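Here, each number is a calculation from the coordinates, and none is a lab measurement. What you see is a predicted model, and the numbers here were worked out from it, not measured in a lab. Every residue, glycine among them, receives a Cβ derived from its backbone with ideal geometry; neighbour counts consider all protein chains shown.
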Amino acid sequence: MLKIYGVPISVHTRKVIVVSIIKNLPYEVIPVVPVMPDKLPANWRELSPTGTIPALTDGDFTVADSTAICTYLDRSHKADPVYPQPPRELAQVLSLEAYAGERLFRSVVRELFYEVFVRPKVQNRPTDKANVERVLTQELPEIFARLDRFAAGDYLVGGKLSMADIAVASNLVTFDYAGFDLDRKSYPRLAALVDRMLALPAFQQALRAERPVAESMGLRGTVFKKLAP
């Protein structure tokens, strides 16, 4: 059984969980919260040299970084690929997955989650409202507008589900957890893409599994309204 080290509400851990579900791979989530260093596994630096989540073990094999993990799972289990074979489509998927990780996550989602959750609830420090405003007015519009332009079809690349879609949707789940709404009027195609992604069985299963964690942390979770009965 795969062992996924991280927390289900993590953008990047969720990517790995969704891919595992798509490929029907049994997995276990081993809770690891990097912002709580006193609770890290004793061998955490061996599992994740960068100290970030997720990491994965598959028998005697260990790998960290969500893109590396998802690539490993995709190459090891050929059914239901999440990375396309055509070189140009693969390049586009990798580029968008990186954009979701570097710009959408680092510049928007992580910043907002840190300000509204980590600072007040973990570090007992006040939210920097000026930083929240900076992210919402200076960082978010360009990033969301670019993704909205790409979201012209049912999926971001090649008309098929890929890691680009999974990465973007995973970020916007955590964006919702942090208490922020996707402006559907300004970014209608991006909103439609996220709706389609959250309706997929793999995302539905992942969200059901992480719901107790999100609720126990007091996260907003209006995304759970999209779960099928």
**Complete:** Output ordering of 215-225, 137-147 (per-residue mean of other Cβ within 10 Å, highest first) is 137-147, 215-225
**Request:** Please tell me the relative contact order of the chain in percent, rounded to the nearest whole number, where contacts are Cα pairs under 8 Å and at least six residues apart.
**Result:** 20 percent
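Give me the dipole magnitude in Debye, nearest 20, for the stretch 120-229 about the Cα centre, with unit charges on the beta carbon: positive for Lys and Arg, negative for Asp and Glu.
160 debye
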**Complete:** Per the helix-only model, the chain has a calculated mean residue ellipticity at 222 nm (DSSP H runs of ≥4, -39500 (n - 2.57) each, divided over all residues, rounded to the nearest 500) of -13500 deg cm²/dmol
**Prompt:** Taking the chain as a Gaussian network, where each spring joins two C-alpha atoms under 10 Å apart, which residue of Pro126, Pro81, Pro54 fluctuates the most?
**Reply:** Pro126
**Fill in**
Output ordering of 82-93, 35-46, 6-17, 101-112 (per-residue mean of other Cβ within 10 Å, highest first) is 6-17, 101-112, 82-93, 35-46
**Message:** Give me the extension gain from Glu142 to Glu28: residue separation times 0.36 nm, minus the current Cα-Cα distance, reported in nm with one decimal.
**Reply:** 37.3 nm
**Request:** Kindly provide log₁₀ I(q)/I(0) values, in the same order as q = 0.08, 0.10, 0.12 Å⁻¹, from the Debye equation applied to equal alpha-carbon scatterers of the chain.
**Result:** -0.27, -0.44, -0.64
**Request:** Set Lys and Arg Cβ to +1 and Asp and Glu Cβ to -1, take the dipole of the chain about its Cα centre, and tell me which of Thr62, Pro212, Leu227 lies farthest positive.
**Result:** Leu227
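From the Cα gyration tensor of the stretch 131-221, with a ≥ b ≥ c the square roots of its eigenvalues, which class applies: rounded if a/c is under 1.5, or else prolate if a/b is larger than b/c, or else oblate? Kindly include the intermediate steps, with their values, before the conclusion.
Working: a/c = 2.32, a/b = 1.07, b/c = 2.17.
Oblate, because a/c is 1.5 or more while a/b does not exceed b/c.
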